[in-house]
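Since the structure comes first, as structure tokens, the remarks are kept for the end.
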Amino acid sequence: MLSAAHRMRRGDEFAEAIRRGRRAGRPALVAHFSVRDVDEPPLVGFVVSRAVGGAVVRNKVRRRLRHLMRSRVHSLPRGSLLVVRANPPAASARNELLAAELDVALERLLRRRGSGS
């Protein structure tokens, strides 16, 4: 599971990542990424709406995404905010597909950051 130090909890952090950050969309998920000018560990938040399914399904999707981010959070720069929003296909997606889509989204966001655009 993703450690507590890396979990986003405050609404203003979610809003900053979604409104000011860059976005990379995939069929099963959308990632919003922003970097603040602070020396803090990266924070990751998850948004799983009712469109994904009932409470049990939403919680399962959230747990799966948290587990996948655990091994990837260290690739994020310090001070970064990442919000992963699940789309309805995430409910039926296999773990391999979720992992692949998360990797593609992160690679796009981090590559864009490195190229200066």
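The values are calculated or read from the model by the stated rules, or taken from the named source; none is laboratory data. If you're wondering where the values come from, they're calculated on a predicted model, not measured in any experiment. Neighbour counts run over all protein chains shown; Cβ positions are idealised from the backbone, glycine included.
List of remarks:
- Restricting the stretch 99-117 to residues that are surrounded by 14 or more Cβ atoms within 10 Å (Cβ to Cβ) and basic (Lys, Arg), the residue that is modelled with the lowest pLDDT: 113
- Residues satisfying the stated conditions in the stretch 23-73, i.e. out of contact with any helix residue (DSSP H, G or I) (no Cβ under 6 Å at 6 or more places or on another chain), more than 20 Å from residue 98 (Cβ to Cβ) and not hydrophobic (A, V, I, L, M, F, W, C): 36, 37, 39, 40
- Some residue of the stretch 75-87 being touching a helix residue (DSSP H, G or I) at 6+ places or on another chain (Cβ under 8 Å), among the aliphatic types (A, V, I, L, M) and part of a helix (DSSP H, G or I): no
- Selection of the stretch 64-95 for residues being under 10 Å from residue 2 (Cβ atoms) and without any contact (Cβ under 8 Å) to a residue 40 or more places away in the chain yields 65, 68, 71, 72.
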